[in-house]
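Below: the structure, in structure tokens.
Here, each number is a calculation from the coordinates, and none is a lab measurement. If you're wondering where the values come from, they're calculated on a predicted model, not measured in any experiment.
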Amino acid sequence: MISSESFTFSISTFILIALAEIGDKSQIVCMTMAVRHRHRPVLLGASVAFLLLNALAVIFGAGVAAWVPEQVTAGIVAVLFGAFGIHALRRQNDEVADNITEMPGHGIFFSTLLLIFVAEFGDKTQIAVAGLASTMSPLPVWLGASAALIMVSALGVWAGRTLLQRLPIIWLHRISGGIFLSFAILAAWRAVV
């Protein structure tokens, strides 16, 4: 049975990561790949990449939490989330994604997996997942982050263009920035108390 605390950690992580990733590189990769290829291998490749990336982030975050005092970890998380929040709030509509190119000689699944893995390794969402896993229970963080990134990838594959036409991407970045700043304040509070 899932505890209410674990459920809260998963939902919080899901919301934070989903809003941070909408309109980001991985969604652009999925949209680009889906325009030219079948949807299923694109989504499967992205999903496997995110499951692996999130596992690495959670292991790193939980490892840091085991060795670094909780107040220091919370302070670092507060600074990182504050920086991510400010960056998201300052982000402009005219930012264009890097040109996405498919890896030659690979199937659609492996091309998508490699593109997502390379594009997202060390990205703000992976760092955010590591930070969350250092201050919360790792399994719910992994579940919430993985579900969020898979959902955002699916939106990129099936409905990304429609969603972006209805709600300007700048508003998604502002919402994401506000949520990151809220998490930064909570982490700072944990660092001080």
Rg to Rh, two decimals, where region 1-62 supplies the alpha carbon set and Rh follows Kirkwood = 1.06
query = What is the extension gain from Ile15 to Arg190, computed as 0.36 nm multiplied by their sequence separation minus the C-alpha to C-alpha distance, in nm to one decimal?
reply = 60.9 nm
